[in-house]
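Everything below concerns the one structure shown next.
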Amino acid sequence: MVKNTTILEKKGYVKLVSDVRALIEEGKMRAQEAAGKELTITYWKVGKRLLEENIPENTGYLKAILEDLSEELVIDVTTLHRCIHFVQIYPKLENIPDLTWTNFRHL
């Protein structure tokens, strides 16, 4: 079966470009949102894992461990502290509001 073909006029082409551009931008936004949510979950899991070690905070030992981890993993030590604090505020993963890690950092 042969489809009817038409010539795409300038007005139609402009509309096509606009529609495809919008679809691409929407897809990029959804991808960024999904990545942000996944990062939030990942950092929560990092904080949970760090807390599982029950490293005493008051002796300076936790600070030393986090500094070593920071260097090993090439991640800012402040992020590791935030991960721990994050789990202390939201001890259950399912109770975390639907926000990105950047949102939580600003809070």
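Taking LYS37 as meeting all but one of (1) outside any helix (DSSP H, G or I); (2) closer than 18 Å to LEU107 by Cα; (3) of a type outside the set (Phe, Trp, Tyr), write down the number of the exception.
LYS37 satisfies all of (1) outside any helix (DSSP H, G or I); (2) closer than 18 Å to LEU107 by Cα; (3) of a type outside the set (Phe, Trp, Tyr) except (1).
Please give the number of the condition ILE24 fails out of (1) open to solvent by 70 Å² or more (accessible area, probe 1.4 Å); (2) at pLDDT below 95.
(2)
Hey, among the residues in segment 55-74 that are in a loop (DSSP other than H, G, I, E, B) and open to solvent by less than 100 Å² (accessible area, probe 1.4 Å), which one's farthest from TYR43 (Cα to Cα)?
THR59
The values are calculated or read from the model by the stated rules, or taken from the named source; none is laboratory data. These figures come from a predicted structure and were not determined experimentally. The area values use the complete protein model at the heavy-atom level, side chains included, leaving out ligands, DNA and RNA. Shrake-Rupley method; radii C 1.70, N 1.55, O 1.52, S 1.80 Å.
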